[in-house]
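Below is one structure, written out as structure tokens; the observations come after it.
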Amino acid sequence: MSVRIMGTGSALPKKCVSNEELAQLVDTSDEWIRERTGIGSRHISTGETVVSLAAEACCKALENAGRKGEEVALLLVATCTPEDALPCAACQVQDRIGAAKAVAYDLNAACAGFLFAVHTAWAYLEAGIYDNALIAGAEVLSKIVDWNDRGTCILFGDGAGAVYLERCEEARGGILSFVQHSDGGRGAVLSCAGREQENPYFHGEHRHPYVQMDGREVFSFAVRQVPEAVREALAKAGREVKDVDLFVLHQANRRIIEGIAKRLSADMERFPMNLERVGNTSSAAVPLLLDELNRQGRLRQGMTLVLSGFGAGLTYGACVLQW
Ligand code: ACO
């Protein structure tokens, strides 16, 4: 028995915003953004929502797998930017894609959310509780970014990616191992306040409802912890860095990915990137890139892939799979 990714899909808002356009909003330049982050443009919602983007990505993943909405048993949406507190985004996606029989709920582990959701689904499938799962990572980060803060607004983009997983009889291949970690003691490194506590009996203090980030701390967290998590997942799968064909990492920024590659002593050719075109899309980043690679025909049967997500929480993890 194995659990395999049978289909992938993704969706991006129509509007693409270049670094030059951002330089008209805040004091920055194409040169600064490219040099520090590797980002050249990002897609920004002009009405697209977490639900609409996730639903589009989910439909494409199902189509890619040759499956229909009504066959889906488990539907998870990883997001930290849902439109509504209630109902959850996954239940709204369920309605849009006709997955009437699915159990649907959201999961928030920021940029590691998609990976944590795949791990959750894998556990259900391994335990024999469900036969298949549809998992989306979807974000509209543009609504929680402070568009006056040049330190953060240049980094993020909106989008969604999805995978469809199935339990197969074949014993070999599929998902081989997982590791995930959380470090709540370092939550202040990257945060965004929710709604204020306000009721007839209590008025909470004003909290900043936009992304706040200590960029240097995020950088050192990522380049230290991610290689460790990758090595841990590889050891669990009985593989080594040299066995990996592609490292599909969270697309935070180019310098972080280069730092991780260096610590793993792995050549950059094995680290595909799309952040130049889409920026950092948090939980959508890994499935968006995976879908691009799949549709470009760059994922061949038998290839060993490492997926890794890391972000606010702090949360991070890695997965080893055979395509
Ligand atoms: N354009 C021009 N100048 C800028 C910009 C900008 N967009 N942003 C900041 N600056 C200025 C600062 O004001 C500062 O100026 P000062 O020296 O006069 O005060 C100078 O550039 C250096 O600022 P730093 O914040 O120290 O810049 P740093 O070299 O650390 O680069 C960056 C910032 C790119 C965010 C870096 O810290 C980094 O890569 N961190 C990782 C964070 C990250 O990728 N987060 C993504 C979200 S988290 C996740 O997905 C896991």
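Mind putting a number on the dipole of the stretch 181-264 about its Cα centre? Charges go on the C-beta only, +1 for Lys and Arg and -1 for Asp and Glu, and I need it in Debye to the nearest 20. Don't skip to the end; give the middle numbers.
Numbers: 13 positive and 12 negative charges, 74 e Å.
The dipole magnitude comes to about 360 debye.
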Exercise for the section: Starting at the first residue of the stretch 179-188, write each ³J(HN,Hα) from the Karplus equation 6.51 cos²θ - 1.76 cosθ + 1.60 with θ = phi - 60°, in whole Hz, x for Gly and Pro. Expected result: 9, 8, 9, 9, 9, x, x, 10, x, 5
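May I ask you to give the percent of accessible area on the stretch 189-323 that is carbon plus sulfur, with a probe radius of 1.4 Å? Spell out each step's value before the answer.
Details: 2850 of 6380 Å².
C and S fraction of accessible area: 45 percent.
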Problem - Spread of Cα-to-Cα distances over 10 Å intervals beginning at zero, given as percent, for the stretch 2-168 - result: 11, 37, 29, 16, 6, 0
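State which stretch of the chain is the longest one without any exposed GluC sites (Glu not before Pro), exposure meaning a DSSP loop state and at most 16 other Cβ atoms within 10 Å.
Values: sites that count: 83, 169, 170, 196, 205, 240.
By the stated rule (loop sites, at most 16 other Cβ atoms within 10 Å), 84-168.
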Completion exercise
Per DSSP, the loop-located trypsin sites (Lys or Arg not before Pro) within the stretch 1-80 having at most 11 other beta carbons within 10 Å are 14
Problem - Subset of 242/262; 68/236; 15/60 violating a 24 Å alpha-carbon distance limit - result: 68/236
Exercise for the section: Could you provide, to the nearest whole Å², the per residue accessible area of the chain with probe 1.4 Å? Expected result: 44 Å²
Completion exercise
Rounded to a whole %, the carbon-and-sulfur portion of the accessible area of the stretch 2-168 at a 1.4 Å probe is 50 percent
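Over all directions, average the projected area of the Cα convex hull of the stretch 1-64 and note it in nm².
Numbers: hull surface 26.5 nm².
Value for the stretch 1-64: 6.6 nm².
Quickly estimate the mean residue ellipticity at 222 nm for the chain, helices only: each DSSP H run with n ≥ 4 gives -39500 (n - 2.57), and the total goes over all residues, rounded to 500. Please list the in-between numbers first.
On the way: 10 runs with 103 residues, N = 323.
Computed ellipticity for the chain at 222 nm equals -9500 deg cm²/dmol.
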Exercise for the section: Report relative contact order for the stretch 2-168 in percent, whole number only (criteria: Cα-Cα under 8 Å, sequence separation at least 6). Expected result: 35 percent
Completion exercise
Amide H proximity to residue 26 below 5 Å, modelled H, separation 5+ or other chain, gives none
Practice task
Above 28 angstrom, tally the Cα pairs of the chain and express them as a % of all pairs, no decimals.
Solution key: 36 percent
Problem - C-alpha center-to-center spacing [the stretch 155-190, the stretch 215-252] in angstrom - result: 12 Å
Completion exercise
Candidates 37, 281, 28; GNM for the chain (alpha-carbon contacts under 10 Å) flags as most fluctuating 28
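About the Cα centre of the chain, how large is the charge dipole given +1 on each Lys and Arg Cβ and -1 on each Asp and Glu Cβ? Please answer in debye to the nearest 20.
Details: 33 positive and 41 negative charges, 149 e Å.
Dipole about the Cα centre, nearest 20: 720 debye.
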Fill in the blank from the handout: Whole-Hz Karplus couplings 3J(HN,Hα) for the stretch 45-56, θ = phi - 60° and coefficients 6.51, -1.76, 1.60, Gly and Pro as x, run 4, 10, x, 5, 10, 4, 5, 5, 5, 5, 5, 4
Fill in the blank from the handout: With the charge dipole of the chain built from beta-carbon charges (+1 for Lys and Arg, -1 for Asp and Glu) about the Cα centre, the Cα from 304, 225, 54 projecting farthest to the positive end belongs to 304
Exercise for the section: Starting from the amide H of residue 281, placed 1.01 Å from N in the peptide plane, find each other amide H under 5 Å away whose residue is 5 or more places distant or on another chain. Expected result: 157, 251
Fill in the blank from the handout: For the stretch 97-109, in residue order, the Karplus 3J(HN,Hα) values (coefficients 6.51, -1.76, 1.60; θ = phi - 60°; whole Hz; Gly and Pro = x) are 9, x, 9, 4, 8, 6, 8, 10, 7, 9, 9, 10, 9
Practice task
Between 103, 306, 118, find the one with the highest GNM mean-square fluctuation for the chain; connect C-alpha pairs within less than 10 Å.
Solution key: 103
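The values are calculated or read from the model by the stated rules, or taken from the named source; none is laboratory data. What you see is a predicted model; the values in this text were computed from it and never measured. Glycine also receives a Cβ, built like all others from the backbone with ideal geometry; neighbour counts cover every protein chain displayed. Heavy atoms of the whole protein, side chains included, go into the accessibility calculation; ligands, DNA and RNA do not. Shrake-Rupley method; radii C 1.70, N 1.55, O 1.52, S 1.80 Å.
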